[in-house]
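Asker: Below is one structure. I have some questions about it.
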Amino acid sequence: LIELFPEDNSTGGARKLLARLYRSQQRLMDEKLVLEAHAAVTADDIDTAMRLMELEIQLEDRSAAIGAGRMALEIDPARGPVLRTLADAAEQENQPALAIQCLRGLLELEPLHAPLWRFRIARLTKVEDPPEARRHLLLALEDAPRFRDAHQLLLEVLEELSDNNPPSD
């Protein structure tokens, strides 16, 4: 069917069916290749982009996962699971700007988890922008006053700030 209808980009098309078959057989690389081919002919299949991101994480290819995550965000920028996975992958691949962008999106989408998202932003900005890190930690502690890791990181940030700005005589 794929050879007969190579332009078929429907969600019920041959590529998607073949990918499901490979998934049920746990043939991850084959599933990935078929989904990549499907993504190449479709512009808006969020499920394919998200599954590709999951597969890349399972296959431990974080940079490819980031690519699939970016594709998913281009389709739907307000998808919490995509933002969470992409933030994790970006942190592990040492791409703090992308991780911070995703975490800021999560702040808007999931305000109940704001202390965690703010803590992670602070951890990522601690060296480059200590005042920003301090601000996020204080906001996190305002919502979760017993957040021990945030207290510890705040102490580190305050120490960094005092080292950079010694008291003037």
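The values are calculated or read from the model by the stated rules, or taken from the named source; none is laboratory data. This structure is a prediction, so every number in the text was calculated from the model and none was measured. When we count neighbours, we look across all protein chains shown, and the Cβ atoms used for this are built from the backbone with ideal geometry, even at glycine. For the accessible areas, the whole protein counts, side chains as well, though only heavy atoms, and no ligand, DNA or RNA atoms are used. Shrake-Rupley method; radii C 1.70, N 1.55, O 1.52, S 1.80 Å.
Asker: Select, from 69, 80, the only residue that is of a type in the set (Gly, Ala, Ser) and crowded, with 22+ Cβ neighbours inside 10 Å.
Answerer: Numbers: 80 fails: crowded, with 22+ Cβ neighbours inside 10 Å.
On inspection, the qualifying residue turns out to be 69.
Asker: Let me ask something else about it. Where residues in segment 1-28 are assigned to a helix (DSSP H, G or I) and among the small types (Gly, Ala, Ser), which of them is nearest to residue 66 (Cα to Cα)? Talk me through it step by step, then tell me what you get.
Answerer: Step one: filter segment 1-28 for residues assigned to a helix (DSSP H, G or I), giving 14-24, 28.
This time we only want the ones that are among the small types (Gly, Ala, Ser), so: 14, 19, 24.
Numbers: 14: 26, 19: 21, 24: 25 Å.
Among them, the one singled out is 19.
Asker: Moving to a separate point now. State whether the residues of segment 29-43 include one that is surrounded by fewer than 21 Cβ atoms within 10 Å (Cβ to Cβ), part of a helix (DSSP H, G or I), out of contact with any Leu (no Cβ under 9 Å at 6 or more places or on another chain) and hydroxyl-bearing (Ser, Thr, Tyr). Outline the logic, then answer.
Answerer: We begin by selecting, within segment 29-43, every residue surrounded by fewer than 21 Cβ atoms within 10 Å (Cβ to Cβ); these are 29-30, 33, 36-37, 39-43.
Of the ones still in play, those that are also part of a helix (DSSP H, G or I) are 29-30, 33, 36-37, 39-41.
Checking the rest, the ones that are also out of contact with any Leu (no Cβ under 9 Å at 6 or more places or on another chain) come to 33, 37, 40-41.
Still in the running and hydroxyl-bearing (Ser, Thr, Tyr): none.
No, segment 29-43 has no match at all.
Asker: Looking at segment 139-164, which of its residues are open to solvent by 90 Å² or more (accessible area, probe 1.4 Å) and either among the small types (Gly, Ala, Ser) or modelled with pLDDT of 95 or more (or both)?
Answerer: Correct list: 142, 143, 146, 148, 149, 152, 155.
Asker: When you go through 90, 78 one by one, which is the residue that is assigned to a helix (DSSP H, G or I) and small (Gly, Ala, Ser)?
Answerer: Values: 78 fails: assigned to a helix (DSSP H, G or I).
Just one listed residue meets the conditions, 90.
Asker: A further question follows. Does residue 56 satisfy the criteria of being surrounded by fewer than 18 Cβ atoms within 10 Å (Cβ to Cβ) and among the charged types (D, E, K, R)? Reasoning before the result, please.
Answerer: Values: surrounded by fewer than 18 Cβ atoms within 10 Å (Cβ to Cβ): no; among the charged types (D, E, K, R): yes.
Judged against the criteria, residue 56 is not a match.
Asker: Go through segment 79-130 residue by residue and tally those that are β-branched (Val, Ile, Thr) and under 11 Å from the mean Cα position of the chain (by Cα). Step through it out loud before you land on a result.
Answerer: Residues of segment 79-130 β-branched (Val, Ile, Thr): 82, 85, 100, 121, 125, 127.
If we keep only those that are under 11 Å from the mean Cα position of the chain (by Cα) as well, we get 82, 85, 100.
Result for segment 79-130: 3.
Asker: Of the residues that sit in segment 124-138 and are of a type outside the set (Asp, Glu) and open to solvent by 80 Å² or more (accessible area, probe 1.4 Å), which one is nearest to residue 91 (Cα to Cα)?
Answerer: The extreme case among them is 127.
Asker: If the requirement is being touching a Pro at 6+ places or on another chain (Cβ under 6 Å) and hydrophobic (A, V, I, L, M, F, W, C), which of these qualifies: 157, 127? Break it down into steps so the answer makes sense when it comes.
Answerer: Details: 127 fails: touching a Pro at 6+ places or on another chain (Cβ under 6 Å).
Just one listed residue meets the conditions, 157.
Asker: Same structure again: Is it fair to say residue 76 is without any contact (Cβ under 8 Å) to a residue 24 or more places away in the chain, in contact with a helix residue (DSSP H, G or I) (Cβ under 6 Å, 6 or more places away or on another chain) and of a type in the set (Asp, Glu)? Give the steps one after another, and end with the answer.
Answerer: Details: without any contact (Cβ under 8 Å) to a residue 24 or more places away in the chain: no; in contact with a helix residue (DSSP H, G or I) (Cβ under 6 Å, 6 or more places away or on another chain): yes; of a type in the set (Asp, Glu): yes.
No, not satisfied.
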